[in-house]
Structure formats: structure tokens, C-alpha cells
Amino acid sequence: MRVVVSLTTIPGRGALLERTIASLHRQTYRPDAIFLWLPVERFGTDRAGTRFAGVEVRSGPDLGPAMKILPLLRIETDPDTLIITVDDDVEYPPELVEKLAHASVILPDHAIGFTGWNAIKGAEETEILHLNENVACAAVFQRVHVLEGYRGVAYRRGFFESDIFYH
């Protein structure tokens, strides 16, 4: 299974980004590729100032957080490829990619993440429950309504159809 990590950044986050990239290089399960996407509106077309060993740096239109995944879908076309999106300001534990890849084998038809939210309809109002490391039993596999991206989320390329580009 091909495993690809993708992230985007904005100017002024260089020190944070360096630590993030270093933590991705320390993974116990090394990704096949790491892509860093630079919004052309913020960086221009010159990528010379943003280079990292072992990282494919690309430019494109600023799509906000969707820039982590939308342009990558045009490059990675194998439906079995595992795409892991991460943030540019988190130093990831060495087993992040390994845990996400392993969980994706166990649950191949699901997006996998570490934190998320559930909306629980109550008698009076809807309660929003944030499942994270501070919630008892949040570490077990369970469905959520919304995955939180900052801890990393894994998707199969095959989850996305071509109509995603028209939203």
C-alpha cells in the first residue's frame, strides 16, 4: 500500500514547519512521499526558499485546508493509496503514520483520525461531544460525525470521485 503525507503552510510558520517535517522523517513507518503545498497567492511561484530534503514542494491556488488533499488527488490516482493529511504546526509522534496505516487496514472503508466530534440530539438541544485524549474511552475505535484534522487523518484515494473538484 502506498502511503502519502500531505500538508500545506502559510508564510511565517517556518520554525513550526521545520519541526513538523522533521517529525515526519522520524516515523517508524516511513511514508512513500511527503507533499508540501504552497498557496501561490502567498508565496508566488518561486519555491526556492521553501525546500526540505525528502519533501515534494508544490504550488497551487490557495484552497485553505482543502489544499492538503485536492491537488494531491490529481497526482495520486490509485484508489488504494492512503493519504494522510497533517497540519504544519504539530510535532508528530514517531508512530503516527504506522498507527493510521494499521487502522486503515483494519477499517479499509473508513477515514481514520485520532480526534473528532459527535452531535448528540438531546430532548432540549443538541450536545456536541469532542472525543479527544481527555475523554474516557476516546482511544477506542468509534464512529464520529466530524474528524478533527490537526492530529492527522487518513483517507483512501478511492474515497474521492472526480466531482470533488467541482465543489
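The values are calculated or read from the model by the stated rules, or taken from the named source; none is laboratory data. Note that the structure is predicted; figures quoted are calculated from it, not measured. Here the Cβ positions follow ideal geometry from the backbone for every residue, glycine too, while neighbour counts run over all protein chains shown. Each accessible area value is taken on the protein alone, full model and side chains, heavy atoms only, with ligands, DNA and RNA left out. Shrake-Rupley method; radii C 1.70, N 1.55, O 1.52, S 1.80 Å.
The table for this structure:
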| quantity | calculated |
| --- | --- |
| Tally of residues being within 13 Å of residue 73 (Cα to Cα) and assigned to a loop (DSSP other than H, G, I, E, B) across the range 150-167 | 2 |
| In the range 75-91, the residues that are part of a loop (DSSP other than H, G, I, E, B) and either of a type in the set (Ser, Thr, Tyr) or within 20 Å of residue 160 (Cα to Cα) (or both) | 76, 77, 78, 79, 80, 81, 86 |
| Exclusive hit being among the β-branched types (Val, Ile, Thr), open to solvent by less than 50 Å² (accessible area, probe 1.4 Å) and either over 21 Å from residue 32 (Cβ atoms) or part of a helix (DSSP H, G or I) (or both), set 105, 57, 97 | 97 |
| The listed residue being at pLDDT 85 or above and of a type in the set (Phe, Trp, Tyr), out of 166, 155 | 155 |
| Residue under evaluation residue 41, criteria (1) assigned to a loop (DSSP other than H, G, I, E, B); (2) open to solvent by 60 Å² or more (accessible area, probe 1.4 Å); (3) in contact with a Pro (Cβ under 9 Å, 6 or more places away or on another chain), criterion not met | (1) |
| Breaking point among (1) farther than 29 Å from residue 108 by Cβ; (2) part of a helix (DSSP H, G or I), for residue 51 | (2) |
| Exclusive hit being free of Cβ contacts under 8 Å to residues at least 60 places away in the same chain, buried (at least 19 other Cβ atoms within 10 Å of the Cβ) and touching a Ser or Thr at 6+ places or on another chain (Cβ under 9 Å), set 83, 112 | 112 |
| Condition check for residue 11: within 25 Å of residue 105 (Cα to Cα) and in a loop (DSSP other than H, G, I, E, B) | no |
| Out of 6, 23, sole residue that is at pLDDT 95 or above, small (Gly, Ala, Ser), surrounded by 13 or more Cβ atoms within 10 Å (Cβ to Cβ) and part of a strand (DSSP E or B) | 6 |
| Top-ranked residue in the range 109-148 [being in a loop (DSSP other than H, G, I, E, B) and polar (S, T, N, Q); ranked as modelled with the lowest pLDDT] | 134 |
| Single residue of the range 60-74 satisfying the filter (more than 20 Å from residue 152 (Cα to Cα) and not in a loop (DSSP other than H, G, I, E, B)) that is most open to solvent (accessible area, probe 1.4 Å) | 74 |
